[in-house]
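Nothing in this text is a laboratory measurement; each read-out follows from the coordinates by a stated rule. Quick caveat, the model's predicted, so the values are computed rather than measured. A quick note on method: Cβ atoms are made from the backbone with ideal geometry, for glycine too, and the neighbour counts reach across all protein chains shown.
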Amino acid sequence: MMPETTARSLLRAETRDQHDQVDRIFSQVRLDDRREYGAFLSAQAAAHIPVEGALAAGGVATIVPDWDARQRGDLIRADLAALGLATPEPAGTIAFDGEAAVLGGLYVLEGSRLGGTMLQRSVPADFPTRFLGGVDSAAWRSLLQMLDVRLDSAVKRSVAVAAARNVFALFETSGQRFVRIGHFG
């Protein structure tokens with residue numbers, strides 16, 4: 001008998017291609033260059049802020065008790081302001097209908113927090129990095145456990161995967177927009 005696949009491993013496997021594509025786009029950025037770092041934050045904000053808003057509208061606070069502590073929209077706005085940049089227009093719209101979709105979307109945002117911590121090492125100390133910092137490994141582990149418990153059917157897992165892919169697609173759209181207009185890459 002094959003071991004059961006956990007929701008977290010399914011999400012990771014089923015979104016690997018989208019994750020890799022987003023990484024390819026954003027890895028073009030020179031984070032030690034102030035202009036490119038600002039463009040990177042702008043591209044992140046154009047996707048992150050609408051996703052965070054859609055998660056809130058989808059009821060994430062009723063699903064994840066520490067939602068207030070997980071939000072980073074204000075942090076990225078503060079970093080942009082510190083660089084003298086306005087908050088960009090959203091890269092698109094997104095919605096989450098139901099718990100499984102919310103959890104799929106949150107999986108991507110929380111995963112990006114882990115990636116941000118690694119990226120922070122490449123950013124000069126005098127650049128604002130509120131958005132990239134602040135990983136709480138206990139919060140990540142609790143989310144992974146929640147995924148495995150609450151995404152307890154093939155249908156729920158499929159919905160979560162689709163939502164996660166939609167979030168990656170929004171980040172890809174935002175990153176490509178900034179590449180296209182020559183902000184990085």
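Which whole-number percent gives the relative contact order of the range 41-185, counting Cα pairs below 8 Å spaced six or more residues apart?
Reported relative contact order: 34 percent.
If the chain between Ala154 and Ala86 were fully stretched, how many nm would it gain, using 0.36 nm times the residue separation less the Cα-Cα distance?
Value of the extension gain: 20.3 nm.
If you plug each phi of the range 143-158 into the Karplus form 6.51 cos²θ - 1.76 cosθ + 1.60 with θ = phi - 60°, what whole-Hz ³J(HN,Hα) values come out, in order, with x for Gly and Pro?
Each residue of the range 143-158 in turn: 5, 4, 5, 4, 4, 5, 7, 7, 8, 9, 9, 4, 5, 4, 5, 5 Hz.
Along the charge dipole of the chain, Cβ charges K/R +1 and D/E -1, which of Leu109, Val161, Ser174 sits furthest on the positive end?
Highest projection toward the positive end goes to Ser174.
So how tilted is helix 34-57 from the main axis of the chain? Cα-based, degrees 0 to 90, rounded to 10.
Computed tilt is about 30 degrees.
Nearest 10 degrees, 0 to 90: what angle lies between the long axis of helix 99-120 and the longest principal axis of the chain (Cα atoms)?
That works out to roughly 40 degrees.
Using the Cβ atoms and a cut-off under 12 Å, what net charge is assigned to the surroundings of Val60, where Lys and Arg are +1 and Asp and Glu are -1?
-4
Tell me the angle of helix 16-26 to the major Cα principal axis of the chain, expressed in degrees between 0 and 90 and rounded to the nearest ten.
10 degrees
Note down the net charge around Glu110, summing +1 for each Lys or Arg and -1 for each Asp or Glu among other residues with Cβ under 13 Å from its Cβ.
+3
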